[in-house]
Amino acid sequence: MLTPKYPHQDTAPCATAPVREVPASGSAVPAPAAPIANRPTVQLTPGSALVLAAGGGAVVLVVGAVLVSMLLAVAITGVSVALVAVVLRLLLKDLAKQH
């Protein structure tokens, strides 16, 4: 009824380096790897480094403000619940004295 469906096994050839035989020694030696394509390097100018630092600082300030506000909301909620508990306790005690 509920049988798992597995993907078909990959039959592509392995992406390892080809092996060539050396006739003198008879041992297998891997062929040299293809050269890695040149990637463009990122160059930071003083202006872009300043913008990057300012952006990072702004992110840190925003995340910090959000976390502090959440902590403050939890603290205010805890104090409110504690005050309600004290008031209810006093009301119940007063109600018990009247009867």
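The values are calculated or read from the model by the stated rules, or taken from the named source; none is laboratory data. Source: prediction; values computed, not measured. In case anyone asks, the SASA skips ligands and DNA or RNA and just uses the protein heavy atoms, side chains included. Shrake-Rupley method; radii C 1.70, N 1.55, O 1.52, S 1.80 Å.
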Explain nothing, just compute: Karplus ³J(HN,Hα) = 6.51 cos²θ - 1.76 cosθ + 1.60, θ = phi - 60°, for every residue of the stretch 91-98 in order, whole Hz, x for Gly and Pro. 5, 5, 5, 5, 5, 5, 5, 6
Top to bottom by accessible area (1.4 Å), largest first, where do Val42, Val79 land? Val42, Val79
Please say if the stretch 30-99 is rounded, prolate or oblate, where rounded means a/c under 1.5 for a ≥ b ≥ c the square roots of the C-alpha gyration tensor eigenvalues, and otherwise the choice is prolate for a/b larger than b/c and oblate otherwise? oblate
